Amino acid sequence: MLATLLLLALVSCNGHDEERNYYAEVRSVDKLVLAQMAVTKMATIDDLKLEEADGVRQAAMAVVDALKIGNRRAAYSYSTYLRAYIDLSALTPEDVSVDERKRTITLTLPAVQTEYLGRDIAMREEHYRVTGLRSAIDAGERAAIKEKMNTALRREVEEKPFFRDRLVAEARAKASAYFGAILGGDGYTVNVEFKD
């Protein structure tokens, strides 16, 4: 629908009023989602070491665990999803420039934005090994490790621009190809630019 509206508006607009009606239609689209990625974090659960204990209770538990026979280790993974989109409601009539003489269309799109789409409800158990007299890994331990993974993952995404940069680059490339294919008919060369 968006592609048809955009094409019709650029090909058939004879006056300024038709162009303004086109922008009112495009504005109703809101978000054009162009790219999505999953960022996965993995963590392990093992017995608490004495040097890692926080308080007397945890220190006592660490000493008892050290005396037990067997092994206790589990690995869990968990994903958070990000997406990149363009808010087309921010598009203005000045953002589309048609040069009939040179047969070019310059489309200046709003900046690509990113957002968290959601996260896995449950963790995936990648490895689980409890042998001997070791206690099973309980729901409380799994919930605690999931929150640690979530906090670490969000901090990593915020501190390291790699994830967002990659997502934004993919979204820009897809937007350029998408609008180039739609508007490039009838011998027009399409230049897609982005606001920053």
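The values are calculated or read from the model by the stated rules, or taken from the named source; none is laboratory data. Nothing here was measured: the structure is a model prediction, and the numbers come from that model. Counting neighbours? That spans all protein chains shown, and the Cβs are built from the backbone with ideal geometry, glycine included. Side chains included, ligands, DNA and RNA excluded: accessible areas come from the protein's heavy atoms. Shrake-Rupley method; radii C 1.70, N 1.55, O 1.52, S 1.80 Å.
Answer yes or no as to whether residue 89 is under 21 Å from residue 196 (Cβ atoms), more than 28 Å from the chain's Cα centre (by Cα) and not aliphatic (A, V, I, L, M).
Answer is no for this residue.
Can you tell me which residue in the range 158-196 is nearest to residue 102 (Cα to Cα), limited to those that are assigned to a strand (DSSP E or B) and open to solvent by 40 Å² or more (accessible area, probe 1.4 Å)?
The qualifying residue nearest to residue 102 (Cα to Cα) is 189.
All but one of (1) surrounded by 12 or more Cβ atoms within 10 Å (Cβ to Cβ); (2) without any contact (Cβ under 8 Å) to a residue 60 or more places away in the chain hold for residue 130, so report the exception by its number.
Status for residue 130: all satisfied but (2).
Test residue 104 against the criterion of being at negative phi, in contact (Cβ under 8 Å) with a residue 24 or more places away in the chain and of a type in the set (S, T, N, Q), and give yes or no. Please lay out each step first, then the result.
Details: at negative phi: yes; in contact (Cβ under 8 Å) with a residue 24 or more places away in the chain: yes; of a type in the set (S, T, N, Q): yes.
The answer is yes for residue 104.
Taking the range 47-101, which residues are among the basic types (Lys, Arg) and open to solvent by less than 60 Å² (accessible area, probe 1.4 Å)?
Result: 72, 83.
Quick check on residue 111: is it open to solvent by less than 40 Å² (accessible area, probe 1.4 Å), out of contact with any helix residue (DSSP H, G or I) (no Cβ under 7 Å at 6 or more places or on another chain) and part of a loop (DSSP other than H, G, I, E, B)?
Yes; evaluated as a whole, the condition is true for this residue.
Looking at the range 114-127 only, could you name the residues that are part of a loop (DSSP other than H, G, I, E, B) and open to solvent by less than 90 Å² (accessible area, probe 1.4 Å)?
Of everything in the range 114-127, those that are part of a loop (DSSP other than H, G, I, E, B) and open to solvent by less than 90 Å² (accessible area, probe 1.4 Å) turn out to be 120, 122, 123.
Going by the conditions given, is residue 136 more than 19 Å from residue 42 (Cα to Cα), of a type outside the set (Lys, Arg), outside any helix (DSSP H, G or I) and touching a strand residue (DSSP E or B) at 6+ places or on another chain (Cβ under 8 Å)?
yes
Let me spell it out: the conditions are (1) within 30 Å of residue 179 (Cα to Cα); (2) out of contact with any strand residue (DSSP E or B) (no Cβ under 8 Å at 6 or more places or on another chain); (3) modelled with pLDDT of 85 or more, and residue 93 meets all of them except one. Which number is the exception?
(3)
I'm told residue 152 meets every condition in (1) surrounded by 15 or more Cβ atoms within 10 Å (Cβ to Cβ); (2) within 30 Å of residue 70 (Cβ to Cβ) except one. Can you identify the failing condition by its number?
(1)
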